[in-house]
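Trainee: This is the structure I want to talk about, given as structure tokens.
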Amino acid sequence: MASCIFCKIIKGDIPCFKLFESDKTLAFLDINPLSRGHALVIPKFHGEKLTDIPDEHLAEILPIAKRLVVATGAEEYNILQNNGRGAHQEVGHVHFHMIPKPNAKEGLG
Ligand code: 5GP
Ligand code: ZN
């Protein structure tokens with residue numbers, strides 16, 4: 001979707017610190033991290049909310065989030081996914097946050 005900031009990141013029109021990429025999935029560091037290693041994992045398929053995304057475009061999301069957790073060495077972390085303005089969604093392209101807690105060992109970020 002032309003006006004979507006995350007679609008622009010997927011296309012390479014906006015730079016990001018890329019952590020993982022496949023044909024269906026992209027993971028990159030959050031530009032305004034809540035902690036060191038705060039990452040976003042997104043389907044390349046554009047949809048605003050989780051229910052807009054076909055299952056086959058979601059299959060890699062949690063395995064990749066899990067791999068990023070391991071890469072950071074975080075023992076405590078949040079996986080978050082917001083849907084709708086009232087639920088604190090600011091970017092209208094489905095994304096999963098992986099937020100390590102500050103006790104994370106040296107790793108990504
Ligand atoms: P939301 O509140 O929609 O769940 O979270 C959106 C997240 O996207 C925020 O944590 C914000 O920092 C991040 N974000 C917004 N624009 C950009 C961008 O251009 N690049 C990157 N890497 N992250 C972004
Ligand atoms: Zn998009």
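None of the figures in this text is laboratory data; all of them are computed from the coordinates on show. Everything numeric in this text was worked out from a predicted model, so none of it was measured. We place every Cβ from the backbone using ideal geometry, glycine too, and count neighbours over all the protein chains shown.
Trainee: I want to check the label-to-label distance for Asn83 and Phe17. Put each point 7 Å from Cα in the C-beta direction and report it in nm to one decimal.
Mentor: Rounded to a tenth, the inter-label distance reads 3.0 nm.
Trainee: Also, I was wondering about something else. Residue by residue through the range 7-15, what is 3J(HN,Hα) from phi via Karplus (6.51 cos²θ - 1.76 cosθ + 1.60, θ = phi - 60°)? Round to whole Hz and write x for glycine and proline.
Mentor: Computed from phi, the couplings for the range 7-15 are 5, 5, 5, 4, 6, x, 6, 10, x Hz.
Trainee: Go through the chain and flag any cysteine with no other cysteine's C-beta closer than 4.7 Å, please.
Mentor: Cys with no partner Cβ under 4.7 Å: Cys16.
Trainee: Quick one: Kirkwood hydrodynamic radius for the range 5-100, alpha-carbon pairs, angstrom, one decimal?
Mentor: Computed over the range 5-100, the radius equals 13.4 Å.
Trainee: Gly37's amide H: which non-local residues (gap 5+, or another chain) put their own amide H closer than 5 Å, with H modeled 1.01 Å from N in plane and none for Pro or chain starts?
Mentor: Excluding prolines and chain starts, which carry no amide H, there are no hits.
Trainee: Shifting gears a bit: For helix 61-72, what angle does its Cα long axis make with the longest principal axis of the chain, in degrees from 0 to 90 and rounded to 10?
Mentor: Tilt relative to the chain: about 30 degrees.
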